[in-house]
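In what follows, a single structure is set out as structure tokens and then discussed.
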Amino acid sequence: MDNIVLITQGSQAISLVRTLFSLGYKPNQILVFTNKDKKNNCFREFLTYFNIVHYLKINMSLIKDGDLVISYSNLHKIKVSNKATFINFHPGLLPKYKGSLSTVYSLINKEKKVGGTWHYMTNKIDCGNILHKFKIKIKKKDTAFSLNHKIFNKSLSCLKKVLNKVKLNKKGKVQKSKGKFYYNKFPDVSNLSKKLQRKIKYFPPEFI
């Protein structure tokens, strides 16, 4: 089984590693690039407990020929190289919602569904061929935070399918439109209803 390099952080990262364990990967097959943010302490302790080699910044020189690199809950731009395969999980429906805060903008745009997309990475953000995409219906009580949580949870239920496609060298589906890119800047919601504002702003811990 090939080695995996993770570029990830936070509680979602713990779930990702546990899912890889369930798929048969061992700690010595996993290399992690993460960060030293205090909010990331729990993940770093988790990695230390399982003796998983990890670094607090990205070092592309440590990626070997044939490695699979998974970007997941990653806030950093990555320079993709030809020596490894790079895939990313994007918590939004591509190509319509590229960039950041897809659940926030989906609520603003009165969408009926949100979703997530596993895709190959290129040096253009969120533009690579799509490996797997899923949708989640927005319920009346949903907030941007609850939707984000649902998206990340569901992303791992299809990880086995995604990894199998990568192993079989499936090319994925080309994104047929440019979509729209949303920057990581929380929008002005003052012109929206109070109810919708609450749903959008309840996105702890950053935006309260």
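Apply the Karplus curve 6.51 cos²θ - 1.76 cosθ + 1.60, θ = phi - 60°, to the phi angles in the stretch 118-134 and return the couplings in whole Hz, x for Gly and Pro.
Once rounded to whole Hz, the list reads 8, 8, 5, 9, 10, 7, 10, 4, 6, 10, x, 4, 8, 8, 7, 9, 9.
Any idea how far the Cα center of the stretch 44-90 sits from the one of the stretch 1-23, in Å?
If we compute the Cα centre of each part, the gap is 10 Å.
Checking the table K36/K180; K83/K112; K39/K170; K112/K178 against a 30 Å threshold on Cα-Cα, which pairs fail?
Details: K36/K180 32 Å; K83/K112 40 Å; K39/K170 36 Å; K112/K178 21 Å.
Going by Cα-Cα distance, K36/K180; K83/K112; K39/K170 fall outside the 30 Å limit.
Report the charge-dipole magnitude of the chain in Debye, nearest 20, computed about the Cα centre from +1 at each Lys and Arg Cβ and -1 at each Asp and Glu Cβ. It would help to have the intermediate numbers written out before the result.
Numbers: 41 positive and 10 negative charges, 223 e Å.
Approximately 1080 debye in magnitude.
Cα-Cα over 29 Å: which of K98/K140; K26/K161; K154/K201; K79/K195; K98/K167?
K79/K195, as the Cα separations exceed 29 Å there.
At F186 and N123, where each label point lies 7 Å from the Cα along Cα→Cβ, what is the point-to-point distance in nanometres?
Label-label distance for F186 and N123, simple model: 3.5 nm.
Mind checking the per residue accessible area of the stretch 113-190 for me, 1.4 Å probe, whole number of Å²?
Working: 5080 Å² over 78 residues.
On a per-residue basis, 65 Å².
I'd like to compare 108-115, 68-75: which one has the highest average count of other Cβ atoms within 10 Å, and what's the full order after that? The partial results should precede the final answer.
Details: 108-115: 15.4, 68-75: 20.5.
Going by the mean number of other Cβ atoms within 10 Å, highest first, we get 68-75, 108-115.
Under the Karplus relation 6.51 cos²θ - 1.76 cosθ + 1.60, θ = phi - 60°, what is the ordered set of whole-Hz ³J(HN,Hα) values for the stretch 164-181, x standing for Gly and Pro?
Those phi angles translate into 5, 5, 5, 4, 8, 6, 5, 7, x, 9, 5, 6, 8, 9, 6, x, 10, 9 Hz.
In the neighborhood of T117, defined by Cβ-to-Cβ distances under 9 Å, what is the net charge if each Lys or Arg adds +1 and each Asp or Glu adds -1?
Details: positive: K133; negative: D126.
Around T117, the charge tally is 0.
Would you mind telling me the share, in percent, of accessible area of the stretch 71-208 contributed by carbon and sulfur at probe 1.4 angstrom? Intermediate results must be reported in sequence, preceding the final value.
Working: 4560 of 8470 Å².
Result for the stretch 71-208: 54 percent of the exposed heavy-atom area is carbon or sulfur.
Percent relative contact order of the chain, based on C-alpha pairs within less than 8 angstrom and at least six residues apart?
For the chain, the relative contact order is 19 percent.
Using each residue's phi in the stretch 23-35, evaluate 6.51 cos²θ - 1.76 cosθ + 1.60 at θ = phi - 60° and report the 3J(HN,Hα) Karplus result to the nearest Hz, with x for Gly and Pro.
Those phi angles translate into 8, x, 6, 9, x, 6, 9, 10, 10, 10, 10, 9, 9 Hz.
Compare the Cα positions of I30, I52, Q9 along the charge dipole of the chain (+1 at Cβ of Lys, Arg; -1 at Cβ of Asp, Glu; about the Cα centre) and return the one farthest towards the positive end.
The residue sitting most towards the positive pole is Q9.
Can you give the helix-only mean residue ellipticity at 222 nm for the chain, where every DSSP H stretch with n ≥ 4 adds -39500 (n - 2.57) and the sum goes over all residues, rounded to the nearest 500 deg cm²/dmol? Don't jump to the answer; show the numbers that get you there.
Details: 6 runs with 60 residues, N = 208.
Using -39500 (n - 2.57) per qualifying helix, the result is -8500 deg cm²/dmol.
Using packing as a proxy for protection, rank 169-178, 120-129, 89-98 so that the peptide with the highest average count of other Cβ atoms within 10 Å comes first.
89-98, 120-129, 169-178
The values are calculated or read from the model by the stated rules, or taken from the named source; none is laboratory data. This is a predicted model, so every value here is computed, not measured. Glycine gets a Cβ as well: all are built from the backbone with ideal geometry, and neighbour counts include every protein chain shown. Only protein heavy atoms, including side chains, enter the accessible area calculation; ligands, DNA and RNA are left aside. Shrake-Rupley method; radii C 1.70, N 1.55, O 1.52, S 1.80 Å.
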